[in-house]
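A short reminder: the numbers here are calculations on the coordinates, not readings from a lab. Keep in mind that this is a model prediction, so the values were computed, not measured. All Cβ positions, glycine included, derive from the backbone under ideal geometry; neighbour counts span all protein chains shown.
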Amino acid sequence: MCLAGVITAGGRTEGPVFAVAPTSLNNLSPNPDTHADLAVVPVLTREAQARLASCGFQVVGQDAPPDADGRDPSYLFEHGDVAANWGAQHHADWVLVGRLNRIGRWEADWEVQVVSVREQRVIDTRVVELKGFGVDSALTAKLATRGAAWLMDQATQSVAHASTGAATNPRPCHA
């Protein structure tokens, strides 16, 4: 079963609908947050949304970030039920919640939780290492694009597996 969206008569997309919550920064390094880190975090979210859209999935809620009751965006990462409620408000089937774990001056992990709106819980977490991250802007941009491709491939596999219950994981969005 292919999960990528199929355009039907009337322009409606069939298949899972995704909402991508804003990626948050989780600085685990001994270094203070930098302007570059804070600037690239929204880029990661946009790259994830763009990758899903390029694979034929409908992405909703891009213009309305989730309201975590005035809390830091990382709150959504710790509370899958809140992320699922936000996804439900936008008629999404799945919510992807990202966190950039800054480990050192040139290394980071981009972690994405796959949240089922129907089940109101996190069903999987996927991670990609971004070595060389922050070394220079061109490399960081390339890592963001490639990281999004890999993570969205993995996230859609998780959705396919959870949706079908099958032992195989089709790859509807190849990295």
Inset, instruction - Select from the range 85-138 those chymotrypsin sites (Phe, Trp or Tyr not before Pro) which occupy a DSSP coil region and have at most 16 other Cβ atoms within 10 Å, ordered by residue number. - result: 106
Inset, instruction - Output the direction-averaged projected area (hull surface divided by four) of the convex hull of the alpha-carbon atoms of the range 82-169, in nm². - result: 6.3 nm²
Legend entry - Net charge over other residues, Cβ less than 14 angstrom from the Cβ of residue 123 (K, R count +1; D, E count -1): -1
Legend entry - Residue-span extension gain [residue 125 to residue 81] - 0.36 nm each, minus C-alpha spacing: 14.4 nm
Inset, instruction - Give the residues of the range 83-112 whose amide nitrogen is closer than 11 Å to a point set 7 Å from the Cα of residue 163 in the direction of its Cβ. - result: 93-94
Legend entry - Calculated P(r) tail over 23 Å for the range 31-146, as whole % of Cα pairs: 31 percent
